[in-house]
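First the structure, in the form of structure tokens, and then the observations on it.
Derivation of every value follows stated rules applied to the coordinates shown; laboratory data play no part. Everything numeric here is computed off the predicted structure, so don't read it as measured data. Positions of Cβ are generated from backbone atoms using ideal geometry, with glycine treated the same way; all protein chains shown enter the neighbour counts.
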Amino acid sequence: MNESLKIRPYARLLTMLGDQLIKNEQIAVIELIKNSYDADADWVKVSFENFSKDYKVTPSSRIVIEDNGTGMTKTIIEKSWMNPATPNKFSRDGKVRKTALKKRIIQGEKGIGRYAMLKLGKTIDLTTRAQGTNNEYSLCFDLKDYDDNFLSQSEQTDDLYLDSLEFNLITTSPSVFTKRRIDINNQIYDDNEHGTRIVISNLRGTWNKKKIEGITDSFFRFENLFDEIIGEHKENASKYNFNIGLYFDGEFVTRGKDNTNITLKNLFETQRVIKITNG
């Protein structure tokens, strides 16, 4: 007798891949910043909120990452965001794709942003509004009732499979992405009626001053990368400008040291997610 069998992964695959693909919390934040760059955002704001003064996580701690990128339509959420490892960062001929509006070379790894969120916390509230649309979409990944192996912390003992996870997509009139002024590093932005906002709570792991400074140090690598690109495309410099702001409990986090010698090569050497070598 012949039978057809299908691969049905357990839900814990989400955290397993995240732990193996993403080295630490700093890299997880950087991957989400890359997503904002790939969305043609002019700016991204990363806020650490409701932490203790010594950087310890409290029950109300959360990490908020927001930008004024192109945002996502319902179709993009359903076909891309909810399906990690989509091949949408490469063209059919295998060439690296560029972003639709600013023609930036896409920086983020395929689908890594989803795992980055779960690396940081167990509850993710995503709100997005696509450019030129009148709908705002909200999606909540609430996995706080499960441990890191996706075993229920209640009396329920049933196996939880990846295809058993369901999340509600809510469509509303714009409330987050409306006409508003955003100040990022003393630079004012008025065009903020589209973009994506991710709120991560029920945080995993620990934070300290060194980890926060690790993120700011990575900014130098980003800025050096963009400076090199802008230098080659001076006539279209505005396409590549990207303002990154990091805030801890409302206070702007200043840079800790001078990393002016960090180059694009350093970025690839120190911030890559996966390295493949010939064995």
Take peptides 181-188, 71-78, 27-34 and line them up by average Cβ neighbours within 10 Å, highest first, as a rough protection proxy. 27-34, 71-78, 181-188
Which whole-Hz ³J(HN,Hα) couplings does the range 47-64 yield from phi under the Karplus relation 6.51 cos²θ - 1.76 cosθ + 1.60, θ = phi - 60°, glycine and proline marked x? 10, 9, 10, 6, 8, 6, 5, 9, 6, 6, 6, 10, x, 9, 5, 7, 10, 10
Modelling each spin label as a point 7 Å along the Cα-to-Cβ direction, I'd like the residue 60/residue 172 distance in nm, to one decimal. 2.0 nm
Report the label-to-label distance for residue 2 and residue 180 in nanometres (one decimal), using points 7 Å from each Cα along the Cα→Cβ vector. 5.9 nm
List every residue whose amide H lies under 5 Å from the amide H of residue 184, counting only residues 5 or more places away in sequence or on a different chain, with H placed 1.01 Å from N in the peptide plane. 189
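Using 0.36 nm times the number of residues separating residue 78 and residue 160, minus their current alpha carbon distance, what extension gain do you get? Show your work: numbers first, answer last.
Working: separation 82, 0.36 × 82 = 29.52 nm, distance 2.13 nm.
Length gained between residue 78 and residue 160: 27.4 nm.
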Kirkwood Rh (inverse of mean 1/r, distinct Cα pairs), the range 1-140, angstrom: 16.9 Å
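I need the peptides 56-63, 130-137, 6-13 ranked by packing, meaning the mean over residues of other C-beta atoms within 10 angstrom, with the highest value on top.
On the way: 56-63: 15.0, 130-137: 16.5, 6-13: 12.1.
So the order, starting with the most tightly packed, is 130-137, 56-63, 6-13.
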